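Here the structure comes first, spelled out in structure tokens, and everything after it is commentary.
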Amino acid sequence: MKIVRNILVLFVSICGICTSCEMKYSYYDKGKTTVHFKYKEGENDMKLSFATHVDGKPIERVFPLEIAGYASEKERSVELEIVDEYTTAIKDVHYSMSEKLIIRDGHYHDTLKITFYNTDPVLDSEERRLYIRIKANDDFDNGIHYLQHLDIRFTNEVQEPTCWGTFDVYTYMYYYFGTYSKMKHRYILVANGIEELPDHYIYEFEDRVMFNNWGIIANNYFRDHVVLEDPNDPNSRILPWK
């Protein structure tokens, strides 16, 4: 009897452990799913410049979203809201976008497309801000808290990237481009034939290689071309930094 009792105690204990593990690691309820923007940390706060878009054409940007949980057998909607407290951009004047997206049945992803316009003269001297947040609805709860919003600032002037000046050689642009100036910024874009510098921290090896290549090309450009920080000051040439 003692042996039988011990076996029963062991069996009950194992069942308890399994139940505990199942409760601890069961993250998703099949009927309740969350949604979030998919980006690296820091990419949701970005600056956009029309400085190299002299043709006046709009700029389109896409921002992926994904669900955390189960795909569905029916279409589900993702609702977005423009947060007036932080937004200074005017819809259909400075930007256009849909505030409701549809994730198709059987899918885990969708993409938000935003079109930005640079026809408003105010953008020549001021930036405008667009702050977007995911709204919880009947189909989706809010998911990972720091992936719930986009904060986009844009202007016709170049804007200093937020990560130009930190203190980690692997994450700040100073390491690749030297001291910041607006004129240098413009010609880095010209020399590399790119629209804008990504405004996010440089974690991945591929990012560091890309920035390093841009830095070499820009450095050589300033070595081979005379570019003045102030067109009226012949002594204000932007010098190569490497």
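Would you list the P(r) distribution for region 67-194, with all Cα-Cα distances sorted into 10 Å bins from 0 and each bin expressed as a whole %? P(r) for region 67-194, in whole percents per bin: 10, 30, 28, 23, 8, 0. Between region 128-144 and region 71-106, how many Å separate their Cα centres? That distance is 8 Å.
Dividing the convex hull volume of the alpha carbon atoms of region 146-229 by its residue count, what do you get in Å³ per residue? Spell out each step's value before the answer.
Numbers: hull volume 9.0 nm³, N = 84.
Taking only Cα atoms, region 146-229 has a hull volume of 107 Å³ per residue.
Take the residue pairs Lys57/Lys135; Lys113/Lys184; Lys38/Lys113 and return only those whose Cα atoms are more than 21 Å apart. Each step should come with its number before you reach the end.
Values: Lys57/Lys135 31 Å; Lys113/Lys184 30 Å; Lys38/Lys113 14 Å.
Flagged as over cut-off: Lys57/Lys135; Lys113/Lys184.
Each reported figure results from applying straightforward, stated rules to the coordinates on display, with no laboratory input. These numbers come from a predicted model, not from an experiment.
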